[in-house]
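Since the structure comes first, as structure tokens, the remarks are kept for the end.
Derivation of every value follows stated rules applied to the coordinates shown; laboratory data play no part. All values reported here derive from a predicted model rather than from experimental measurement. Cβ placement follows ideal geometry from the backbone for every residue including glycine, while neighbour counts extend to all protein chains displayed.
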Amino acid sequence: MSYITNNLTITLDGITWWVNAKASGLVVNAIKAMINQVNAMISHHSKVHLLRFDLRMSQYTHDNKIITIFNRRLHRWLIRQYQVKSDRIGYIWCREMEKATQQHYHCVLMIDGHKVRHPIKVLEKIREIWKDLGGSEYTPKNCYYNLHRDNYESRQKAIWRISYLAKARGKGCKPSQTKNYSTSRIKKAQKV
């Protein structure tokens, strides 16, 4: 059973972040993992480009293999296109299903902000890959953030936005062995 919080802040590593817990509360493990990945990315790059988008499915699946295939293809393209290291591509996704008969995915991509400053090319590739996999993509307004290591406010805005992915509502409509969310596993740099 996941622990749900309705607190409007969460403190990690001595830093307090405002989070969007109003909708249905937040899954604590998920929001902590998400914030940790943002902080891990910013420990390696003084600038991080964070992009938020949704992937819609045409039919229900019992597992998340489709999102694994999508990420693998997108990451290969990012490595070739921007010459980034494979272990420096951050991601977050969550699986949700409420009223529709199939799940959808809310996603976040994080990449070196010195190499990517605007999402147009990346969004085009996301649409292309997801369409090839039989889905449709939706990009919310103001979908990207350029984070700066020494600017708490730039990270705070992005963390508020991505905290929506950790909401409790819409989770759990899946087999017990299927995950509700996943993140990259980037470790923080030793010295910042």
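General observations
- Within the range 53-72, considering residues that are within 27 Å of residue 42 (Cβ to Cβ) and touching a Leu at 6+ places or on another chain (Cβ under 8 Å), the one surrounded by the most Cβ atoms within 10 Å (Cβ to Cβ): 67
- Wholly enclosed strands (runs of 3 or more DSSP E) of the range 1-68 bearing at least 3 residues farther than 30 Å from residue 136 by Cβ: 9-12, 15-18
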